[in-house]
Amino acid sequence: MQPPVPGTLRILHLSDTHLTGDGALHQGTVDTTAALRALLEHLDTVQGVGLVVISGDVSEDGSPRSYETVRQTVGSWAERHGAAFVTVPGNHDQRAGFRQVLVDGHVLGEGGQPLMHTMEYHDPSVPVRGQSIVAGRRVVTVDTSVPGAGYGELDASVLEHLRTVLAEPSDHGSVVVLHHPPLPAPTALQDALKLRNPQDLADVLRGTDVRVVLGGHYHHHFAGSVGGVPVLVAPAVANDNDVAGPYEQETALIGTGALVVDLAADGSLWSTPVRLPRADADQQALHLDAAAATRIAEAFGPS
């Protein structure tokens, strides 16, 4: 891949790693730790990465051990490449385990240097939030997770905090990282588990210095906009959602990918999807018929 032009922040955007503390296979089919390591090895020759992002569902089971794995695996890659490392919880994450290892999600700063944090107890009902500066860009993490649920929501405290943070522009604009993207969902199940109040986010972002919103959750690459701001959804590390299948059903295929996002000094933006070559790619990893998908939607969607 071509190196970034001077003044560009190159972001390696990962999502939905779904790591497990005991090494159990995701959906009984995918070794997500092995998939993540293979993907990072495949991306090792990409030049000029200044920031690595994981946009949620870091863990499948919320265990501290799973977060230690991502801290060691992705953190060591970022350190070696001199890149910052930022992550945010998703609906499968557990805030207690996340905070125990990753604190507020801003793990490494510019140049891959560890960031210092004051360890404080937060009740799991309190969303995880943080911000840091990378190459003059303000990186803001927004917790859309709802404990015990699969859908996403930005509560009043999160929206007010984001509004306050963005009130003053940063030197070269801001990047917002969240899990549930403010975009339409591709399947009925994901529609039940989508972000419930994207318009509230649009109202906060409109007219600010935010250059891009990075999200995950849909296990497939999407692009759109909210409040006039581009939204990029990364493919998942765990598997690839078959968005061309019947709307009422849910099918995932074996597939692992990422986005390489370049944010230029003038605010222009482009992204390059990268897929990991693997012999078992595109085999079925998961299939839910309409009845099974409906049961999950009723269990983890809004009551």
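When the residues of region 111-150 are narrowed to those that are polar (S, T, N, Q) and part of a loop (DSSP other than H, G, I, E, B), which ends up farthest from Arg295 (Cα to Cα)?
So, considering only residues that are polar (S, T, N, Q) and part of a loop (DSSP other than H, G, I, E, B), the one farthest from Arg295 (Cα to Cα) is Gln113.
Looking at (1) outside any loop (DSSP other than H, G, I, E, B); (2) closer than 20 Å to Asp93 by Cα; (3) of a type in the set (A, V, I, L, M, F, W, C), which is the only condition Leu154 fails?
Of everything listed in (1) outside any loop (DSSP other than H, G, I, E, B); (2) closer than 20 Å to Asp93 by Cα; (3) of a type in the set (A, V, I, L, M, F, W, C), Leu154 misses just condition (1).
Applying the selection to region 195-218, what residues are among the polar types (S, T, N, Q) and touching a residue at least 12 places away in the same chain (Cβ under 8 Å)?
Result: Asn197, Thr208.
Name the residues in region 73-104 that are touching a Pro at 6+ places or on another chain (Cβ under 8 Å), surrounded by fewer than 24 Cβ atoms within 10 Å (Cβ to Cβ) and part of a helix (DSSP H, G or I), would you?
Selection gives Arg95, Ala96, Gly97, Gln100, Val101.
Modelled with pLDDT under 95 and surrounded by fewer than 19 Cβ atoms within 10 Å (Cβ to Cβ): which single residue out of Gly224, Gly228, Gly207, Gly245 fits that description?
Result of the check over Gly224, Gly228, Gly207, Gly245: Gly245.
Residue-by-condition table, conditions (1) modelled with pLDDT of 95 or more; (2) touching a His at 6+ places or on another chain (Cβ under 6 Å); (3) closer than 19 Å to Asp143 by Cβ:
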| position | (1), (2), (3) |
| --- | --- |
| Met1 | no, no, no |
| Ala24 | no, no, no |
| Gln27 | no, no, no |
| Gln47 | yes, no, no |
| Thr69 | yes, no, no |
| Phe85 | yes, no, yes |
| Gly109 | yes, no, no |
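Suppose we keep only residues that are among the charged types (D, E, K, R) and over 23 Å from Val260 (Cα atoms) within region 190-220. Which one would you say is nearest to the chain's Cα centre (by Cα)?
Among those residues, the one meeting the criterion is Lys194.
Return the residue satisfying two criteria in turn: it lies in region 162-179 and is without any contact (Cβ under 8 Å) to a residue 60 or more places away in the chain and among the hydrophobic types (A, V, I, L, M, F, W, C), and of such residues it is surrounded by the fewest Cβ atoms within 10 Å (Cβ to Cβ).
The extreme case among them is Ala167.
Of (1) part of a loop (DSSP other than H, G, I, E, B); (2) farther than 27 Å from Asp123 by Cα, Asp61 satisfies all except one. Which?
Result: Asp61 passes all but (2).
Working carefully through the options Val134, Val140, find the one that is buried (at least 22 other Cβ atoms within 10 Å of the Cβ) and more than 30 Å from Pro302 (Cβ to Cβ).
Val134
So Leu159 ticks every box in (1) part of a loop (DSSP other than H, G, I, E, B); (2) surrounded by fewer than 19 Cβ atoms within 10 Å (Cβ to Cβ) but one. Which box is left unticked?
That leaves (1) as the condition not met.
The values are calculated or read from the model by the stated rules, or taken from the named source; none is laboratory data. Just so we're clear, the structure is a prediction, and the values are computed from it rather than from any experiment. So basically every Cβ, Gly included, is an ideal-geometry build from the backbone, and we count neighbours across all protein chains shown.
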